[in-house]
Amino acid sequence: MNRNGMKVMRKERRRDRRRGLNLEATLGGHEVVLTDLSAAGFGAALDATDRTPFSFRLGAQSRLELKAPQGAPLSLSVEIVREMGDNGVVGGVFIGLTDAAYNAIEGILTGRSQRRG
């Protein structure tokens, strides 16, 4: 609510629509579950039982590693753009995404192994 007692809706700032999913991955060496994914970025829930320290601070760069359902493992360079909130989810964007990586992500999002060109 704002100071006038009016409810304020947050504006969506994402370029691409994200798809909710539940896919195991590794972010900076920590096991995570991808909660959403788009061609531009991701949301990842941290394992609450993982007691090793992590540094998913705003602007931090790391590697996201995941296995596409019908493909080779992906290792993607990412930047954290949303620090971990109360829900235990961090958000990030992909950095320097190759065409092959883009196609693999597109395949995960659409259920196809490759984008047709």
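Read-outs: derived from the displayed coordinates by stated rules, not from any lab. What you see is a predicted model, and the numbers here were worked out from it, not measured in a lab. Every residue, glycine among them, receives a Cβ derived from its backbone with ideal geometry; neighbour counts consider all protein chains shown.
Amide H to amide H, with H built 1.01 Å from N, residue 39 comes under 5 Å of no residue 5 or more places away or on another chain.
Between the amide H of residue 74 and those of 66, 67, 68, distances stay under 5 Å, these residues lying 5 or more places away or on another chain, with hydrogens modeled in the peptide plane. Each peptide in 96-109, 29-42 was scored by the mean count of other Cβ atoms within 10 Å over its residues; highest first, the order is 29-42, 96-109.
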